[in-house]
Every structure is written in C-alpha cells, then in structure tokens.
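Colleague: Here you go, one structure.
The values are calculated or read from the model by the stated rules, or taken from the named source; none is laboratory data. Computed from a predicted model, the values in this text were never measured in an experiment. All Cβ positions, glycine included, derive from the backbone under ideal geometry; neighbour counts span all protein chains shown.
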Amino acid sequence: MFNLMKTAVLMAAITALFMALGSMIGGRSGMTMALVVALGMNFFSYWFSDKLVLKMYDAQEVDETSAPQFYRMVRDLAQRAELPMPRVYLIQEDAPNAFATGRNPEHAAVAATTGILRTLSDRELRGVMAHELAHVKHRDILISTVSATMAGAISMLANFAMFFGGRNSEGRSNPIVGLLVMILAPMAAGLIQMAISRAREFEADRGGAEISSDPQALASALQKIQRAAQGLPLEAAERHPETAQMMIVNPLTAGGLRGLFSTHPSTEERVERLLAMATGRTA
C-alpha cells in the first residue's frame, strides 16, 4: 500500500512539474499547450509502445508448439494470477533478462531472453515470469510509459526554455532562469521517473512472490541474473536506454551516481524483502 501511495504522489509531482514548466515558458497558454502535447504523447505511447519495444528487441512470438515448456509455464502463472493469457515472446540474447509490456491485461505481452532460460532453473524462471505478470496485473506498464513520456516531454520543454527563457512577473524572458530550467528540470523529472520505477519493482516482487507462492525462488533468480548480467551487456537496451526500466534487472552499465539514477532498487534490498516474505518477517 505504501508503494502504491508513493507512486500516486510521484505521478502527481511529475505532472505538476510539467505544467509549471509550460506555464513558466509561455504563461497560461504555454501550460495549456504543454498539457495538449503531454496528452498526445501519452495517447501514442498507450497504444503503440508495446509494438515499438518488441520491435526494438527483435522479439519473436512463440506458442505451445515452438516453446512448449516456457509457454505452458506462463499460461499456468497467468491462470494463478487470474489474468488473460498474454502473448509470449523470446529474444535471442545471451544476457539474462525479461520484461512485460502492453497497455492493459487484455493486450499484454511478456518477453524473456534466451539467456535467462539457460541461466535459471525452472523454479527460478517461474518466479521471474510471475514478477512480470504482477506488472501486468498492477498496470505498471501504463504507469511507466506515462512517466517516461512525461519525463521526455519535460526535457523537450526545458530545451525550449533555453531559447525563450523563463518569464518574470512582467512577462519578460530571463535567459539565466531559462538556462537553470534547462539543466534542473530534466534532472528532477528523471529522478521522479526513476523513483516511480523503483517503487513499482518492489510491488512487482511482492506480487510475483504471491503469484508463484515462492519468494525464495525469485530472490535466487534476481541474484543469478545480477551476477550473469554484469559481464553480458544487453545490446538492445544499450541502444535504447529508455527501455531499461522495463527489465527485471537493470541491463545498463553505468558509472558514478548509479544508485541515485538507477531505474531499479538494489538487488540486495529486493532479495532481503523477498526472503523476509518467505520467513514471515517484516523487511
């Protein structure tokens, strides 16, 4: 419940930042224009983001004939979660990872790399796919898509601010304010977006553990994926870093300030919470 409330507050914050930036650049008309742009971008993302991301990763749809064991696993977990059967995809990549996409449970898809199928045991893989189905059940794909779109739109508006400057009380532009906005607004939007993503990952871990009835398996899977992914970059994610937040473990290589700007909580904290669930403790 805490993470749900946190997500709502963060979504309100990123929306307010977007509106304030539009107002600062163009007054009331600027705020209205910003809202129209945001609605248009979110509409496009809502309807087409799943097709785009699956194409980015060259994901191939499979069925009970082409990948019988994996497909049946997803079907069993979807039934346990009381969800419609999602489309199932495989990605020919050695790096172990997985994600869910789609605008709602009726139009959802789950995808896994061939590397994760080789890396994990069946029990651990069940935990991972249950985690992805928890994202579907919580409608996290929509939340993450909207937050990412809003963050991108804020960056776009911030670039406008550099040219038009902020507005003072008399409506005159201020290039210094514009420069500060160009730097700080996208940073603030990115931090809010990443905080939303981290909150949703904790909820999906909890939901996945409940769906699979095996929090220890998911904890073990996260540790294995983290270790294996360190030496195996996921090339599609490196080319399209905006999709990193969708993955069960962050696939990107990063340097300093990694924790602050990470789209995922630390694997250690996620494992600790899952093991606490397994023993009935409060993490």
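Colleague: Out of the helices (runs of 4 or more DSSP H) lying entirely within the stretch 91-180, which hold 3 or more residues that are modelled with pLDDT under 65 and farther than 30 Å from ARG227 by Cα?
Modeller: Correct list: 140-164.
Colleague: Suppose the filter is assigned to a helix (DSSP H, G or I), buried (at least 19 other Cβ atoms within 10 Å of the Cβ) and either modelled with pLDDT of 85 or more or aliphatic (A, V, I, L, M) (or both); does LEU222 pass it?
Modeller: Here the answer is yes, as LEU222 does meet what is asked.
Colleague: Within the stretch 36-49, can one find any residue that is within 19 Å of LEU218 (Cβ to Cβ) and under 18 Å from the mean Cα position of the chain (by Cα)?
Modeller: Within the stretch 36-49, not a single residue is within 19 Å of LEU218 (Cβ to Cβ) and under 18 Å from the mean Cα position of the chain (by Cα).
Colleague: Okay, moving on. I'd like to know if the stretch 196-218 contains one or more residues that are modelled with pLDDT under 85, in a loop (DSSP other than H, G, I, E, B) and in contact with a helix residue (DSSP H, G or I) (Cβ under 9 Å, 6 or more places away or on another chain).
Modeller: Checked the stretch 196-218: no residue is modelled with pLDDT under 85, in a loop (DSSP other than H, G, I, E, B) and in contact with a helix residue (DSSP H, G or I) (Cβ under 9 Å, 6 or more places away or on another chain).
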